[in-house]
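Only the coordinates and a few stated rules stand behind these numbers; no lab work does. What you see is a predicted model, and the numbers here were worked out from it, not measured in a lab. Neighbour counts run over all protein chains shown; Cβ positions are idealised from the backbone, glycine included.
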Amino acid sequence: SFIKIEKWQSFSKETLHIKNLLSLYILSLLTFVFKFTSFYFVLPKSLSISFLESFFASSAGDLTTILPIHGIAGIGTYEGGFAGVLIFLGVDKETAFLASVFVHIFILVSSFLIATFSYFFIRDSFKS
């Protein structure tokens, strides 16, 4: 096998403690809460979408990332999941689509900015 039994046993004894797993779980939950909260604040108030509607729509948009069919940068599939939940919750189609585009543009732009910053930061830290 690729992983030797001894290495796996050592890893599980040293790393896989309930404290480590619980802290990872809590950090994951906090990441999702902050992410979905930021999506709510990005949406224009004129769209009048509640926090819970935004939360459920963001969850559906994130779930579309596991689909086997995916557009470039998730364009189309993310909006479909996000807007689909909003329409299901009673938000009109135009508002739902506009909200999904706002959130997806925010995701793409912020990801680009973070990646660019990280690239220059990491590149400079490895120079000798």
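Among the residues making up region 1-15, those that are closer than 30 Å to Asp62 by Cβ and surrounded by 10 or more Cβ atoms within 10 Å (Cβ to Cβ) are Phe11, Ser12. Taking the criterion of being under 17 Å from Leu89 (Cβ atoms) and aromatic (Phe, Trp, Tyr), the residues of region 21-65 that qualify are Phe36, Phe39, Tyr40, Phe51, Phe55, Phe56.
Selection of first residues in region 68-82 that are without any contact (Cβ under 8 Å) to a residue 60 or more places away in the chain and of second residues that are of a type outside the set (A, V, I, L, M, F, W, C) and loosely packed, with under 14 Cβ neighbours inside 10 Å, restricted to Cβ pairs under 7 Å at least 6 apart or on distinct chains, gives the following pairs, ordered by first then second residue: Gly74/Thr65; Thr77/Gly71. Taken together, the residues in region 30-49 that are assigned to a helix (DSSP H, G or I) and over 23 Å from Ser111 (Cβ atoms) amount to 2. Mind listing whichever residues of region 1-50 are aromatic (Phe, Trp, Tyr) and farther than 29 Å from Ala99 by Cβ? Phe2, Trp8, Phe11, Tyr25, listed by residue number. For region 80-128, filtered to residues that are of a type in the set (Ser, Thr, Tyr) and under 15 Å from the mean Cα position of the chain (by Cα), the residue that is surrounded by the most Cβ atoms within 10 Å (Cβ to Cβ) is Ser100.
The C-beta contact set for region 84-95 (first residue closer than 15 Å to Thr64 by Cβ, second residue crowded, with 17+ Cβ neighbours inside 10 Å and polar (S, T, N, Q), distance under 8 angstrom, 6+ apart or interchain) comprises Leu86/Thr95; Leu86/Ser100. Of all residues in region 50-72, those satisfying the criterion of being hydrophobic (A, V, I, L, M, F, W, C) and in a helix (DSSP H, G or I) are Phe51, Leu52, Phe55, Phe56, Ala57, Ala60, Leu63, Ile66, Ile72. With (1) farther than 21 Å from Ala96 by Cα; (2) touching a residue at least 24 places away in the same chain (Cβ under 8 Å); (3) not aliphatic (A, V, I, L, M) as the list, and Glu53 as the residue in question, which single condition is left unmet? So the condition that Glu53 fails would be (1).
In the list Leu16, Leu27, which residue meets the criterion of being of a type outside the set (Lys, Arg), over 13 Å from Ile107 (Cα atoms) and part of a loop (DSSP other than H, G, I, E, B)?
Leu16
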